[in-house]
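Working notes, structure below.
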Amino acid sequence: MKNLIALLLLLFLSFGVAASEGIELQKANIDLSNNASLQRGAKHFVTYCLGCHSIKHIRYLRIALDTDVDQKKMLKDIAPEGASIYDQLHSAMNKHDSEKWFGTQPPDLSLIARSRGADWLYSYLKSYYIDPKSPRGVNNLIFMDTAMPNPLWQLQGEQYAEPRKNFWGDENINLVLKQPGTLSEGEFDIFVSDLVNFLVYVGEPVQLERQRIGKYVIFYILMFLVVAYLLKKEYWKNIH
């Protein structure tokens, strides 16, 4: 019993240390059934992200069909000028320039939401702050020393990092918005939510369809189990 109590105490203290060192992620408001949000997110991606990042596993036609938007409207309001409805979302930046400017090639974001998670992406895009020590003048609380500059700084404004102490007495960083951007805090939250919502959709365009079909599959399996159980009872009723 003493050993068990000591083990539980050790686990509790270890959890406390981990909690003090970790950073709590903000909750992303994801709704893949909201076509208006997905359309806005696609537009945000093309405007602010496609210059460096690609999404090579989906085409504008698929986005138009899934989000219930007219193909002409997709090309006029969302896709970049000169794009075809059958084009994939390819970045205009070549490998040589990206390595020269950033030291590495920006990754394709087709599966970024599946690898990182929606909450991580949402928190990352909101966690840039001014850092004079960084080569690019900014840093990120979620991904320290990130090579990517803040593409949304004009919208969000300028955040600064201020130290604070948590419940355990450890010092963490608190982000304070000192120079507002062109969007209010609420508007920027919606902007980032729409962008992350789109990236989650891109990671698995058939997610809603999979969930819908999955309900019928589970119902079928349950019904089959009932039939199998009744059949088993019938076969074995005279066997002792």
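What follows is calculated from the coordinates using simple rules that are stated; it is not laboratory data. Everything quoted here is computed from the prediction, not taken from an experiment. So basically every Cβ, Gly included, is an ideal-geometry build from the backbone, and we count neighbours across all protein chains shown.
Some points to look at:
- Label separation (Glu209 vs Asn238): 5.1 nm, computed from points 7 Å beyond Cα along the C-beta direction.
- If R0 is taken as 30 Å, the Cβ-Cβ distance between Val217 and Leu25 corresponds to a FRET efficiency of 0.40.
- Point-to-point label distance, Arg62-Glu99, nm (Cα→Cβ direction, 7 Å offset): 2.8 nm
- Burial order of peptide ranges 188-196, 112-120, 219-227, 124-132 (average beta-carbon count within 10 Å, highest first): 188-196, 124-132, 112-120, 219-227
- Percentage, to the nearest whole number, of Cα pairs in the stretch 91-201 over 20 Å apart: 49 percent
- With the convex hull drawn around the C-alpha atoms of the chain, the volume per residue stands at 229 Å³.
- The chain: calculated mean residue ellipticity at 222 nm from DSSP helix runs of at least 4, using -39500 (n - 2.57): -15000 deg cm²/dmol
- In summary, the helical segments of the chain meeting the span-like criteria, namely a full DSSP H run, a Cα extent along the axis of 30 angstrom or more and a mean Kyte-Doolittle hydropathy of at least 0.0, are 207-236.
- Its relative contact order, with pairs defined as Cα atoms under 8 Å and 6+ residues apart, puts the chain at 23 percent.
- Cross-link partners of Lys72 among lysines (Cα-Cα below 24 Å; sequence separation of 8 or more within a chain): Lys43, Lys56
- Ordering of 152-162, 46-56 by burial proxy (mean other Cβ atoms within 10 Å per residue, highest first): 46-56, 152-162
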